[in-house]
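What follows is a set of notes on a single structure, which appears directly below.
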Amino acid sequence: MISRILGFINAADRSSVLSIAAGLLIVIALLDYLSGDGLASSIFYLIPVALVGWRFDIRVSGPFALVATLAWVFVTLLLGVQPENLLFATWDGFSRFIVYLIFALLLGHVRRSLDQAREMALTDHLTGLANSRYFQELAERELEHCRRHGRPFTLAYIDIDDFKDVNDKIGHSGGDRVIQSIATALSGSIRRVDHVARQGGDEFMLFLHEVDGEQAEQVLQLIHSRVSQALENQGLDVSLSIGGVTWATAPRSLDAAIHTADRVMYQVKRMEKGAVLHRTIGDPNLALRSDAPPPDGDTLSPAPESSR
């Protein structure tokens, strides 16, 4: 129940959350007044304060905590509750404001910590790209979308050629710089609807949203050219091999799609490193070449790890 409520609050836009919190504050103040002074109701004012604290920082949650405090004071005065003296009343109101404010700030801190933990779990620490786990989630959703609407599905496997030699020449810190440069160039070469992820080591995955075979080949060649140019501009003598596969209809599973794209990438490395190879599968208007890998076959055996 709580997770559903938090999910709704996180999904709602900030103005809606603020409006809901303000409405709740009015309702709680009204119920507080109708119930009389026999009910200790100040705790309920924490509910709208919590909503605002969860979604906003102190610039909004602070003033809202003050408004909630003033609402409680106003209802108390309407009920005719007379404080013993002005100092006591001021201190009582101030202490409640501090409680509301601290509660809002703590909730905001909890949410930011959870967001940070989630981001760390889903992104690659070196490049800031999606990691393989998050890419699986994104690609699974895209695969289901393509399957439901009959749209093409394109995956590309990207590998840095001879990355071990790169590390030997410029050191591991230099190798990290190469990976970061490639990640930046890849991110800047795709559309907002596409996805790129670091699979680990010197490998990346690319998903192209609703791109057919002819378009995918052009896009992959363009991406390869842009990334290579970006590396050259930084004085980095590094090449990439890209193996891409487009399914006219969605494949049976994401694992099968990734496996096929990986095999095509290996084929690039055997044929000509630093190149792009694209295959189209399942399109009745585009016959596969005789050397194209079938989606479920085993004709393309992986190259040994050392050949990368």
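The values are calculated or read from the model by the stated rules, or taken from the named source; none is laboratory data. Being a predicted model, the structure only gives us computed values, none of them experimental. Here the Cβ positions follow ideal geometry from the backbone for every residue, glycine too, while neighbour counts run over all protein chains shown.
Between LEU70, LEU66, LEU106, which is in a helix (DSSP H, G or I), more than 39 Å from the chain's Cα centre (by Cα), among the hydrophobic types (A, V, I, L, M, F, W, C) and modelled with pLDDT of 90 or more? Break it down into steps so the answer makes sense when it comes.
Values: LEU66 fails: more than 39 Å from the chain's Cα centre (by Cα); LEU106 fails: more than 39 Å from the chain's Cα centre (by Cα).
Sole residue among the options that is in a helix (DSSP H, G or I), more than 39 Å from the chain's Cα centre (by Cα), among the hydrophobic types (A, V, I, L, M, F, W, C) and modelled with pLDDT of 90 or more: LEU70.
Are any residues in the range 266-283 of a type in the set (A, V, I, L, M) and at pLDDT 90 or above, and if so, which ones? Give the steps one after another, and end with the answer.
Keep residues of the range 266-283 that are of a type in the set (A, V, I, L, M), which gives 268, 271, 275-277, 281.
The answer is ALA275, VAL276, LEU277.
Restricting the range 2-20 to residues that are in a helix (DSSP H, G or I) and over 15 Å from ILE47 (Cβ atoms), which is modelled with the lowest pLDDT? Steps first, answer last, please.
From the range 2-20, those in a helix (DSSP H, G or I) are 2-11, 14-20; that's our starting set.
Narrowing the set further to residues that are over 15 Å from ILE47 (Cβ atoms) leaves 3-4, 7, 10-11, 14-16.
Numbers: SER3: 68, ARG4: 74, GLY7: 73, ASN10: 79, ALA11: 77, ARG14: 87, SER15: 90, SER16: 91.
So the residue we want is SER3.
Quick one: how many residues across the range 154-173 are surrounded by 13 or more Cβ atoms within 10 Å (Cβ to Cβ) and without any contact (Cβ under 8 Å) to a residue 12 or more places away in the chain?
2
Hey, could you check the range 114-134 for residues that are of a type in the set (Asp, Glu) and either farther than 16 Å from LEU6 by Cβ or buried (at least 18 other Cβ atoms within 10 Å of the Cβ) (or both) and say which is modelled with the highest pLDDT?
ASP124
Just to be sure, is LEU220 surrounded by 20 or more Cβ atoms within 10 Å (Cβ to Cβ) and touching a Gly at 6+ places or on another chain (Cβ under 6 Å)?
Values: surrounded by 20 or more Cβ atoms within 10 Å (Cβ to Cβ): yes; touching a Gly at 6+ places or on another chain (Cβ under 6 Å): yes.
So LEU220 passes the test.
Of all residues in the range 180-207, count the ones that are of a type in the set (D, E, K, R), under 16 Å from the mean Cα position of the chain (by Cα) and assigned to a strand (DSSP E or B). I'd like the intermediate steps shown before the answer.
Quick first cut of the range 180-207, residues of a type in the set (D, E, K, R) only: 191-192, 194, 198, 202-203.
Those left that are additionally under 16 Å from the mean Cα position of the chain (by Cα): 191-192, 194, 198.
Narrowing further to those that are assigned to a strand (DSSP E or B): 198.
The qualifying residues number 1.
In the set ARG96, ARG59, ARG55, ARG111, which member is of a type in the set (Lys, Arg), surrounded by 14 or more Cβ atoms within 10 Å (Cβ to Cβ), at pLDDT 85 or above and farther than 30 Å from ASN131 by Cβ? Break it down into steps so the answer makes sense when it comes.
Values: ARG59 fails: surrounded by 14 or more Cβ atoms within 10 Å (Cβ to Cβ); ARG55 fails: farther than 30 Å from ASN131 by Cβ; ARG111 fails: farther than 30 Å from ASN131 by Cβ.
Only one candidate qualifies: ARG96.
In the range 5-52, which residues are among the charged types (D, E, K, R) and buried (at least 18 other Cβ atoms within 10 Å of the Cβ)? Spell out how you get there, then give the answer.
To start, the set of residues in the range 5-52 that are among the charged types (D, E, K, R) comprises 13-14, 32, 37.
Across the range 5-52, the qualifying residue is only ASP32.
Each row is one residue, and each column tells you yes or no for (1) outside the structural domain of ALA261 (by TED's automatic domain parsing); (2) over 18 Å from GLY128 (Cβ atoms); (3) surrounded by fewer than 19 Cβ atoms within 10 Å (Cβ to Cβ).
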site: ARG177; (1), (2), (3): no, no, yes
site: ALA183; (1), (2), (3): no, no, no
site: ASP194; (1), (2), (3): no, no, no
site: GLU203; (1), (2), (3): no, no, yes
site: LEU206; (1), (2), (3): no, no, no
site: VAL211; (1), (2), (3): no, yes, no
site: GLN215; (1), (2), (3): no, yes, yes
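Out of all the residues in the range 124-179, which are among the basic types (Lys, Arg) and part of a helix (DSSP H, G or I)?
Passing the criteria: ARG133, ARG141, ARG147, ARG148, LYS164, LYS169, ARG177.
I need every pair where a residue in the range 233-262 that is assigned by TED's automatic domain parsing to the domain that holds ASN167 and crowded, with 20+ Cβ neighbours inside 10 Å has its Cβ under 8 Å from the Cβ of a residue that is part of a helix (DSSP H, G or I) and basic (Lys, Arg), sequence separation at least 6 or different chains.
Pairs found: SER241/LYS269; GLY243/ARG263; ALA250/ARG147.
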